[in-house]
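No value in this document is a laboratory result; all are computed from the given coordinates. Computed from a predicted model, the values in this text were never measured in an experiment. No Cβ is skipped: glycine too gets one built from the backbone with ideal geometry, and neighbour counts run over all protein chains shown.
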Amino acid sequence: MKALVTGGAGFIGSQLIKTWLQIDPKVSITNLDKLTYSGDLKRLEELRGNKRYHFVHGDICDAKAVRKAMEGCSVVVHLAAETHVDRSLYDGKTFFESNVEGTRVMLEEAKEAHIERFVHVSTDEVYGSRAHGYFKEGDALAPSSPYSVSKAAGDLLAISYHTTFGLPVVVTRGSNTFGPFQYPEKVIPLFVSNAIAGEALPLYGDGRQIRNWIYVEDHARAILHALKKGKPGEVYNISSATELENIVLTKKLLNLLGKSVKLIKRVKDRPGHDRRYAIDSAKLRALGWKEKAVFDRAFADTVLWYEYHQSWWKAIKAKQNEFQSFYRKAYAGRVKV
Ligand code: NAD
Ligand code: TYD
């Protein structure tokens, strides 16, 4: 079977490709990725020379490039997206280009190519915030950041291609993901790398916001499970059993690194900050998926991974014109960087 994965040079996409090649000897994968600031082929170095893996540098908004990459494929897993909430507050345009228009191009080309299964990778953030209880797949969407609105638009568009054209689409909505090789703008790699460097950890607001945390390999396996067992036109939530307040997560991380809580710097809250993300993943579990990772173990391994792979994230953080200029904009009036 030939598969097209988009965004495979990213954090979750690269893990998904490695896991898929490992568990399915019959699959060969084309990875279509634009290599934006967050894409990095170093995540896939172990696949060098693997004849079942093929990289194509291209944009999902470019219909011709998508058509060519999709040639001969029967399955598509679409992860390519702009993914960071803070960036969407300061530069929303690229979010709507890649997450909405890019998704439309992917769906249109998949329809023309008679793709047999199209998995659209969405996020729990499309439901918005919830104080108590858990969102189920049939609940209304109420996204609150430009990022989550752009993801909700792509998500609903994907479902519309099933309703309208019969394209066999499956949508997954995953929770906050952690593990090796995550771009160091997201809270865990940002805080671990700052702590190692002895820099402040900018904790937003009161730090009592809650996120559900899933290990990257579990998220990748869940997407592949939805691909195999999911029903066309259906949505599947993906989450773990671990819900934590940001302040608790931050203290755990400092403890693992043997660093002082004095590194925590409370800064002005993210505008429109969602208080709690919470989804019920019983629907996918009923199809036989369950997570393998035990949070404390996987989290400790992840922190250790960043300690042992400092050259990877230091090279990213050293790119002054990219990483730092974003942070100057994002944190203007919030924290000195
Ligand atoms: P990431 O930012 O690490 O990777 C995104 C990848 O997409 C990069 O390799 C980038 O180069 C590529 N890309 C972006 N725009 C593109 C375009 N126009 N054309 C081709 N490639 C493009 O993101 P991630 O954390 O790996 O997230 C992957 C997917 O999973 C996204 O759709 C995201 O919304 C979803 N998701 C992420 C999380 C999370 O916690 N990270 C949780 C739930 C869902
Ligand atoms: P993030 O990793 O950006 O993921 P998301 O916004 O998609 O959940 O942030 C996770 C949580 O950590 C979120 O509640 C915001 C918070 N956070 C901070 O307190 N400080 C930071 O510098 C960042 C990046 C996030």
Exercise. Once Rh for region 84-155 is found with the Kirkwood sum over Cα pairs, what is the Stokes-Einstein diffusion coefficient at 20 °C and 1.002 mPa s, in µm²/s?
Worked result: 161
Seminar exercise, completed: For region 158-168, in residue order, the Karplus 3J(HN,Hα) values (coefficients 6.51, -1.76, 1.60; θ = phi - 60°; whole Hz; Gly and Pro = x) are 4, 5, 5, 6, 6, 4, 7, 10, x, 5, x
Problem set entry | Contact order normalised by residue count of the chain, Cα under 8 Å, 6+ apart, percent | 17
Exercise. What angle, in degrees between 0 and 90 and rounded to the nearest 10, separates the Cα long axis of helix 187-196 from the longest principal axis of the Cα atoms of the chain?
Worked result: 40
For this session: Quick one: which residues, 5 or more positions from Ile264 or on another chain, have an amide H under 5 Å from its amide H? H modelled 1.01 Å from N in the peptide plane, none for Pro or chain starts.
Result: Leu201
For this session: Read phi for every residue in region 59-70 and hand back ³J(HN,Hα) as whole Hz from Karplus 6.51 cos²θ - 1.76 cosθ + 1.60, θ = phi - 60°, with x for Gly and Pro.
Result: 9, 5, 7, 9, 4, 5, 5, 5, 4, 5, 5, 7
Problem set entry | Antiparallel DSSP beta bridges within region 2-123, percent to nearest 5 | 0
Exercise. How many lysine pairs in region 206-272, separated by 8 or more positions in sequence or lying on different chains, have Cα atoms less than 30 Å apart?
Worked result: 8
For this session: List every residue whose amide H lies under 5 Å from the amide H of Val119, counting only residues 5 or more places away in sequence or on a different chain, with H placed 1.01 Å from N in the peptide plane.
Result: Val76, Val77, His78, Val170
For this session: Go ahead and estimate [θ] at 222 nm for the chain from helices alone: -39,500 (n - 2.57) per DSSP H run with n ≥ 4, summed, over the residue count, rounded to 500.
Result: -11500 deg cm²/dmol
For this session: Convert 37 °C to kelvin, take the viscosity as 0.692 mPa s, use the Kirkwood radius over C-alpha pairs of region 114-254 as Rh, and evaluate the Stokes-Einstein diffusion coefficient in µm²/s, rounded to a whole number.
Result: 199
Exercise. Near the amide H of Phe55, under 5 Å away, which other amide H atoms are found, from residues 5 or more places off or on another chain, if H is placed in the peptide plane?
Worked result: Asn31
Exercise. Measuring from centroid to centroid over Cα atoms, what is the spacing of region 213-265 and region 1-52 in Å?
Worked result: 21
Seminar exercise, completed: tail above 14 Å in the computed P(r) of region 49-129, as % of all Cα-Cα pairs, reads 67
Exercise. Rounded to the nearest 5, what % of the DSSP beta bridges within the chain are antiparallel ones?
Worked result: 10
Exercise. Hey, what did region 98-249 get for relative contact order, percent, Cα under 8 Å, at least 6 apart?
Worked result: 28
Problem set entry | Phi to ³J(HN,Hα) by Karplus 6.51 cos²θ - 1.76 cosθ + 1.60 over region 95-112, Hz, x for Gly, Pro | 5, 7, 5, 6, 7, 10, 5, x, 5, 4, 4, 4, 5, 4, 5, 5, 4, 5
Exercise. Once you charge only the Cβ atoms, +1 for Lys and Arg and -1 for Asp and Glu, what is the size of the charge dipole of the chain about its Cα centre, to the nearest 20 debye?
Worked result: 680
Problem set entry | Cα lying deepest toward the dipole's positive end in region 122-239, options Gly205, Ile159, Ser239, charges on Cβ | Ile159
Seminar exercise, completed: Taking the dipole of region 1-110 about the Cα centre (Lys, Arg +1; Asp, Glu -1; charges at Cβ), the one of Gly49, Val75, Thr36 that reaches farthest to the positive side is Gly49
For this session: List Asp91, Asp33 from most exposed to least, where exposure is judged by having the fewest other Cβ atoms within 10 Å.
Result: Asp91, Asp33
Exercise. Taking the chain as the region of interest, what is the percent of Cα-Cα pairs per 10 angstrom bin, listed from the shortest bin to the one with the maximum distance?
Worked result: 5, 26, 37, 24, 7, 0
Exercise. So what's the Cα pair-distance distribution over region 1-139, bin width 5 Å, in %?
Worked result: 2, 9, 19, 21, 19, 14, 9, 5, 2, 0
